[in-house]
Amino acid sequence: MSGDLVGVWEVALSDGVHRIEFEHGTTTGKRVIYIDGKEIVRRDWMFKLVGKETFNVGNAATKATINIDAVSGFAYEYTLEINGKSLKTYMENRSKVTSTWLLNLDGIDCRVVLEKDTMDIWCNGQNMETAGEFVEDGTETHFTLFDHDCCIKAVSSGKRRDGIIHTLLVDGTEIAETTE
C-alpha cells in the first residue's frame, strides 16, 4: 500500500470481522479498496475526486459504499455505509438482530454468531449445519464445533421489552455473550 491510505474500518458481519482500507490519491485520482488486505477495487486517473465507490463484503456479499465528500479546498471526508446505512447505525441494528460469542475450543479461537431473524449460526465464517427442536420453555438449536456438542437455547424473558434470551451452551457449559 502507498501513502494514500485515508480510511480504515472494521466491519463485523456474520462470517467474521472484515478490515476495509481505502486509498485516495488526490493528485492522481487513484482509488483503491482493500478487504482483509486483498485489493478488490482499483481505479486510476479519476478526474472527479468526489463521489462513491460501491462493493461487496463477506460471504453474503453485503453491499458497502465509501462516500467521498469535499469538506473545504483540498480536504476530503470519507464515510462507510453498509446496506445503505452509516456504519454506526448498521452496527447498532446488527446488535439487535444477532448474538455473538467468542470462545476458545481446543486451542482455536471461535467466533459464533446467531442471526436471530433466520436462526442461522456461523462459526469463523462458516454457516453451521444445525438441528432445531421445540422444548418445554422455548427452542434449542443444536450444532457441533469440532468434537463439542453446542446448543443455543432461546427462552422468553417474560418481559415484552427484553424479548427472547439466547444462550450458548458448549458441552453443557454456558458461554457469556460478547458485545461487538
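The values are calculated or read from the model by the stated rules, or taken from the named source; none is laboratory data. Note that this is a predicted model, so its numbers are computed, not measured. Reconstructed Cβ throughout: ideal geometry from the backbone, glycine too, with neighbour counts over all protein chains shown. Areas reflect the complete protein model, heavy atoms only, side chains present, ligands, DNA and RNA absent. Shrake-Rupley method; radii C 1.70, N 1.55, O 1.52, S 1.80 Å.
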* Asked: Which of the residues belonging to region 26-68 are touching a residue at least 24 places away in the same chain (Cβ under 8 Å), within 18 Å of residue 12 (Cα to Cα) and not polar (S, T, N, Q)?
  -> 33, 34, 57, 58, 60, 64, 66
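Name the single residue, out of those in region 95-121 being among the polar types (S, T, N, Q) and without any contact (Cβ under 8 Å) to a residue 12 or more places away in the chain, that is surrounded by the most Cβ atoms within 10 Å (Cβ to Cβ).
My answer is 118.
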* To do: Taking residue 124 as meeting all but one of (1) outside the structural domain of residue 14 (by the TED database); (2) open to solvent by less than 50 Å² (accessible area, probe 1.4 Å); (3) out of contact with any His (no Cβ under 8 Å at 6 or more places or on another chain); (4) touching a residue at least 40 places away in the same chain (Cβ under 8 Å), write down the number of the exception.
  => (2)
